[in-house]
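S.K.: The structure that follows is given in the form of structure tokens.
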Amino acid sequence: MLERWNTAIDLIEENLDGEIDVAALARAALTSEYHFRRVFSALAGMPLSEYIRRRRMSVAAAAVVAGEPLIDVAVRYGYGSTDAFRRAFVSMHGVTPDDARRPGAILSSQARLRLRLTIEGSAPMRHRIIDLDPFRIVGPGTRIPLVYRGPNPDMIAFHRSLPASTADELAAISDGSEPAGPFSASTDFAPDRADGSEFHYVYGIATRAPAGDIPESFDVIEVPAHTWVVFEVAAETGFFDALQQVWADAYGEWFPSHPYRTVAAPEILAVHERSEDGDAGRAELWLAVEREI
């Protein structure tokens with residue numbers, strides 16, 4: 001697996017001064033483009049587009065310092081104007097290209113990614129695989145920004161804005177089948193899921209009730225039949241951190257060692273138990289998958 005992914009990373013390096021075809025990277029890794037983006041983010045600690053931008057700016061810095069015309073460097077690394085290139089350069093290095101040419105200028109560098117085998121996975125990930133027929137996710141929804149670390153203020157504000165009657169309304173249309181709710185469902189992410197990019201967030205339940213039984217004020221997400229991997233999360237302390245860690249463990253450890261890849265579908269997090277202080281609890285993370293070819 002690591003050899004295939006390193007081949008894909010080599011393709012990025014070979015095409016920093018040209019067009020990088022994400023579909024070709026996914027083919028080199030023998031997986032889907034959707035899954036490639038998700039796993040790459042977990043392994044690299046940043047979205048694919050951010051890694052490419054940072055590598056390009058790292059390599060371009062050498063050309064800038066060497067005194068090459070800025071427009072030539074900008075065009076070579078995919079920027080249509082020197083202004084756009086300057087903004088990207090400052091974002092990466094903290095100095096302008098002109099300042100970078102001065103003696104003693106301090107620049108940043110994104111090292112070339114290389115995946116190596118490490119000994120991990122000593123803690124078992126409890127999970128199950130389940131096939132589900134089509135269902136609807138129903139509940140109040142909104143669009144909020146993605147936050148990778150720490151609390152999400154917009155998500156907290158959304159939940160606080162829900163009327164007290166929401167739980168009863170959801171219970172009235174729930175058919176009691178899996179995935180058991182209420183839960184949080186996230187979908188419609190930006191392709192690279194950059195920190196701060198928006199996605200569709202619904203607090204709801206799964207139901208197969210007729211559409212006419214669903215309140216008009218609720219969002220409705222139609223979910224086709226899928227195979228799902230369900231990860232269990234349980235913590236006596238640090239429950240919030242455990243919820244965030246399960247995503248990293250799923251993409252960084254479980255998928256690379258199992259013959260499954262993710263498919264485009266809502267990602268469901270169901271909190272089934274939580275202590276009054278929020279420090280302990282039990283939850284499940286649902287991800288739609290298919291077997292690798």
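The values are calculated or read from the model by the stated rules, or taken from the named source; none is laboratory data. Because the structure is predicted, anything quoted here is derived from the model rather than measured. We place every Cβ from the backbone using ideal geometry, glycine too, and count neighbours over all the protein chains shown. Note: accessible area is taken over every heavy atom of the protein model, side chains too, but ligands, DNA and RNA are not part of it. Shrake-Rupley method; radii C 1.70, N 1.55, O 1.52, S 1.80 Å.
S.K.: Please compute the modelled spin-label separation between A42 and R27, points set 7 Å along Cα→Cβ, answer in nm with one decimal.
M.R.: 2.5 nm
S.K.: Follow-up. For q = 0.15, 0.22 Å⁻¹, what log10 I(q)/I(0) does segment 28-71 give under the Debye formula with an equal point scatterer on each alpha carbon and no solvent?
M.R.: Debye curve over Cα of segment 28-71, log10 I(q)/I(0) at q = 0.15, 0.22 Å⁻¹: -0.51, -0.73.
S.K.: Follow-up. Note the per residue figure in Å³ for the convex hull of the C-alpha positions in segment 53-195. If you can, show how the numbers build up before the last one.
M.R.: Values: hull volume 33.0 nm³, N = 143.
Roughly 231 Å³ of hull volume per residue.
S.K.: So how much slack lies between D131 and Y148, counting 0.36 nm per residue of separation and subtracting their Cα-Cα distance, in nm? Walk me through the intermediate numbers first.
M.R.: Values: separation 17, 0.36 × 17 = 6.12 nm, distance 2.89 nm.
Length gained between D131 and Y148: 3.2 nm.
S.K.: When the Kirkwood radius is taken over all Cα pairs of segment 14-87, what Stokes-Einstein diffusion coefficient follows at 25 °C and 0.890 mPa s, in µm²/s?
M.R.: On the way: Rh = 13.4 Å.
Approximately 182 µm²/s, per Stokes-Einstein.
S.K.: Which whole-number percent gives the relative contact order of segment 141-289, counting Cα pairs below 8 Å spaced six or more residues apart?
M.R.: Values: 221 pairs, mean separation 38.8, N = 149.
Contact order relative to length: 26 percent.
S.K.: May I ask you to rank R274, R38 by accessible area, largest first, using a 1.4 Å probe over the protein chains only? Before the final figure, lay out the partial values.
M.R.: Values: R274 125, R38 25 Å².
The ranking, largest first, comes out as R274, R38.
S.K.: So how much accessible area does H258 have, in Å² to the nearest 10, using a 1.4 Å probe?
M.R.: Estimated to the nearest 10 Å², H258 gives 60 Å².
S.K.: Given the chain, what whole percent of its Cα pairs are spread farther than 24 Å? If you can, show how the numbers build up before the last one.
M.R.: Working: 25607 of 42778 pairs.
That tail contains 60 percent of the Cα-Cα pairs.
S.K.: Now for a different question. With a probe of 1.4 Å, find how much accessible area the chain has per residue, and write the answer as a whole number in Å². Mind showing how you got there, number by number?
M.R.: Working: 15040 Å² over 293 residues.
Each residue of the chain exposes 51 Å² on average to a 1.4 Å probe.
S.K.: Pairwise over distinct Cα atoms, reciprocal of the mean inverse distance: report the Kirkwood radius of segment 159-233 in Å, one decimal place.
M.R.: 14.3 Å
S.K.: Work through the residues other than L162 whose Cβ is under 14 Å from its Cβ and net out their charges, Lys, Arg +1 and Asp, Glu -1. If you can, show how the numbers build up before the last one.
M.R.: Details: positive: R160; negative: D154, D168, E169, D219.
Result for the neighbourhood of L162: -3.
S.K.: Sort E276, E290 by heavy-atom solvent-accessible area, probe 1.4 angstrom, most to least. Please list the in-between numbers first.
M.R.: On the way: E276 195, E290 70 Å².
Most to least solvent-accessible, the answer reads E276, E290.
S.K.: On full extension of the chain, what length is gained from T237 through R114, given 0.36 nm per residue of separation minus the C-alpha to C-alpha distance? Don't skip to the end; give the middle numbers.
M.R.: Details: separation 123, 0.36 × 123 = 44.28 nm, distance 3.45 nm.
Length difference between fully extended and current span is 40.8 nm.
S.K.: Roughly speaking, to the nearest percent, how much of segment 154-263's 1.4 Å accessible area is carbon and sulfur?
M.R.: Working: 2770 of 5270 Å².
Taking all protein chains in place, segment 154-263 shows 53 percent carbon and sulfur surface.
S.K.: Could you check which residue among P266, P103, P47 shows the biggest mean-square fluctuation in a GNM of the chain with a 10 Å Cα cutoff?
M.R.: Maximum fluctuation in the GNM of the chain, among the listed residues, is at P103.
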